[in-house]
Amino acid sequence: MADKIASALGSDSNDYYASATTQTFAFIGLLWLSLKIFSFWRMIASLFILPGASLSKFASKGSWAVITGASDGIGKEYALQLASKGYNILLVSRTQSKLLELAREIKEKYNVETRNMAMDFAANRDKDYTALKKVIDEVGDISILVNNVGLSHAMPVPFAETSEQEMLDIITINCTGTLRVTQLLVPGMIQRKKGLILTMASFGGIMPTPLLATYSGSKAFLQQWSTALASELQPHGIKVQLVQSYLVTSAMSKIRRSSLLVPTPKQFVRAALGKIGRSGGAQGIMATSTPYWAHGIMHWAIATFVGTMNGVVVSVNRKMHEDIRKRALRKAERDAKKQ
Ligand SMILES: NC(=O)c1ccc[n+]([C@@H]2O[C@H](COP(=O)([O-])OP(=O)(O)OC[C@H]3O[C@@H](n4cnc5c(N)ncnc54)[C@H](OP(=O)(O)O)[C@@H]3O)[C@@H](O)[C@H]2O)c1
């Protein structure tokens, strides 16, 4: 009799624990799902519904914007679109003739003031930075900085075979150049308690990219640096935002025709300037935006369902870049035969 009571009690408590465990897992599952659904709708609202902050919140009309790597591709488009909004433009890039041509176009189309400074960021010369500082001091009220200058590998290449020059150029341009220009401008922005600093990043910096390892590392550096800087400068009224991007048609990407996933620089920059302060596809990453809609959905989906540092993602990325390298080598061979 006692045995029967004990066994009945035992089976009741087993049932109780089983049901409590099921309920706990169901609750965790529901919570996880709710957070993902919330994050999805935030991403959709951020990309398609909510407007970004007005530029005038950080930069008064008639003040200056500095754009590095301004003579081509995405940088040129930042210069044109900021000029169209009434900002005077300081163009910084390597080739003087291209800068002069762009300055003329800006003046003609938008009737704002322009200055330009030709310098090679790869050379990392103190005298160039001193000359740039002189121009910055002369123009005075600079409220926008677009850290756009960047260099990638000429073609995907295993790290062991990357030339020392290419490795150094990528780090010097993407990291050192960005830091040095920003340091020239931040004190003035702190003094005026106003400013906007946008830095061009890349999906290569979120997802480790084999065969573009140095470029990938340089852009990951910019992610950490820019987010840390955003926190430092927030109390001073300065907005710092990292702008994430997948491919865009340009000389760097070597893609000429735009598609659903590959916008033109004009489409990309319109999205970037229209979504200041919005995360887009970079949900949960402080002071970061993936503003172009197709890039945003892609960023969100990879981060949410697989993880950007996941081994499968890195393997797929490696295979893709191995294929690109094979095609690039075959093309180089064909071109060499033609000569
Ligand atoms: N295009 C993409 O698919 C893509 C994707 C993700 C992120 N991004 C990022 O977006 C930014 C712009 O890329 P983009 O595709 O527009 O590049 P791009 O078309 O190759 O233009 C690069 C610009 O930087 C200048 N530049 C290059 N090397 C320089 C140097 N050593 N010193 C001074 N200026 C130099 C170029 O000047 P010159 O014309 O005088 O050479 C040009 O104005 C980069 O930071 C890149 O990493 C691009």
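Before anything else, pin down the relative contact order of segment 138-273: Cα pairs under 8 Å, at least 6 apart, normalised by residue count, whole percent. In percent, rounded to a whole number, it is 24. Once each part is reduced to its C-alpha centroid, what is the distance from segment 303-333 to segment 279-294 in angstrom? Taking the Cα centre of each part, segment 303-333 and segment 279-294 sit 23 Å apart.
Given the peptides 197-208, 30-41, arrange them by the average over their residues of other C-beta atoms within 10 Å, most packed first. Before the final figure, lay out the partial values.
Numbers: 197-208: 23.7, 30-41: 11.2.
Going by the mean number of other Cβ atoms within 10 Å, highest first, we get 197-208, 30-41.
Over the chain, accessible surface divided per residue gives 53 Å², non-protein components excluded, 1.4 Å probe. Annotation for segment 138-154 versus segment 205-255: alpha-carbon center distance of 13 Å. The local environment of Gly296, defined by Cβ-Cβ distances under 12 Å, has a net charge of +3 under the rule Lys, Arg +1 and Asp, Glu -1. Working from label points 7 Å from Cα in the Cα-to-Cβ sense, the Ala26 to Glu333 distance is 6.2 nm. Using only the Cα atoms of segment 35-154, each taken as one equal point scatterer with no solvent, compute I(q) by the Debye sum, divide by I(0), and report log10 of the ratio at q = 0.09, 0.13, 0.19 Å⁻¹. Debye output, listed in q order: -0.31, -0.58, -0.98. Where only DSSP H runs of four or more residues are counted, the chain gives -17500 deg cm²/dmol as its mean residue ellipticity at 222 nm, each run worth -39500 (n - 2.57).
Within the set Lys254/Lys337; Lys127/Lys331; Lys57/Lys127, which residue pairs have Cα atoms separated by over 32 Å? Spell out each step's value before the answer.
Numbers: Lys254/Lys337 21 Å; Lys127/Lys331 40 Å; Lys57/Lys127 34 Å.
Distance filter (> 32 Å) returns Lys127/Lys331; Lys57/Lys127.
The mean of 1/r over all distinct Cα pairs in the chain, once inverted, gives the Kirkwood hydrodynamic radius of 22.1 Å. In the chain, the portion of solvent-accessible area held by carbon and sulfur atoms comes to 59 percent [1.4 Å probe, whole percent, DNA, RNA and ligands not counted].
Relative to the longest principal axis of the Cα atoms of the chain, helix 2-44 runs at roughly 20 degrees. Taken over the C-alpha atoms, segment 228-339 has Rg and Dmax values of 17.6, 60 angstrom.
Taking the Cα centre of the chain as reference, the dipole from Cβ charges on Lys and Arg (+1) and Asp and Glu (-1) amounts to some 1140 debye. Using only Cα positions of segment 281-322, each an equal point scatterer, no hydration layer, compute I(q)/I(0) via Debye at q = 0.32 Å⁻¹ and quote the log10 values to two decimals. One equal scatterer on each Cα of segment 281-322 leads to -1.02. Only Cα pairs under 8 Å and 6+ residues apart enter the sum, and on that basis the relative contact order of the chain stands at 18 percent.
The values are calculated or read from the model by the stated rules, or taken from the named source; none is laboratory data. Fair warning: this is a prediction, and the values are worked out from it, not measured in the lab. Cβ coordinates were reconstructed from backbone atoms using ideal geometry, including for glycine residues, and neighbour counts include every protein chain displayed. Each accessible area value is taken on the protein alone, full model and side chains, heavy atoms only, with ligands, DNA and RNA left out. Shrake-Rupley method; radii C 1.70, N 1.55, O 1.52, S 1.80 Å.
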